[in-house]
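What follows is one structure encoded as structure tokens, with my remarks underneath.
The values are calculated or read from the model by the stated rules, or taken from the named source; none is laboratory data. This structure is a prediction, so every number in the text was calculated from the model and none was measured. Note that we place each Cβ from the backbone using ideal geometry, even for glycine, and neighbour counts take in every protein chain shown.
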Amino acid sequence: MRPNTKKTIGAAAVLAVAVCGSGCTGMSPTAQRTLTGGAVGTAGGAIIGAMAGNAGLGAAAGAGAGLLGGFLYDQYEQGKERSYQQGYQQGVQQGQRRNPNQN
């Protein structure tokens, strides 16, 4: 590897760690998952791009793919949560119909 490539990979790794560990406490779960996906995608894209000769292009492509992947993963997780809550509420309602005098 060329010395410049090593610097690019190192910078991408530092950026990914900084973004992921920067305390996303004020963000929604959607924003957290989307940005985490983007950071991981950027780092991965920069590494692959550096090996192919263009770390910047790899980082940009990785960022786009990571953002999309993080968002789609969030939508999947939200769907699971909605299904769980719906099933839970149905179970509560059925339990109340069977034992109307029990609180």
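Scanning the range 73-90 for any residue that is of a type outside the set (Phe, Trp, Tyr), farther than 30 Å from LYS7 by Cβ, without any contact (Cβ under 8 Å) to a residue 40 or more places away in the chain and not in a helix (DSSP H, G or I) turns up nothing. Test ALA50 against the criterion of being in contact (Cβ under 8 Å) with a residue 40 or more places away in the chain and closer than 19 Å to LYS7 by Cα, and give yes or no. So ALA50 passes the test. The set of residues in the range 24-53 that are surrounded by fewer than 14 Cβ atoms within 10 Å (Cβ to Cβ), closer than 21 Å to GLU77 by Cα and at pLDDT below 90 comprises THR25, GLY26. Mind checking whether some residue in the range 3-23 is among the polar types (S, T, N, Q) and modelled with pLDDT of 90 or more? Scanning the range 3-23 turns up no residue that is among the polar types (S, T, N, Q) and modelled with pLDDT of 90 or more.
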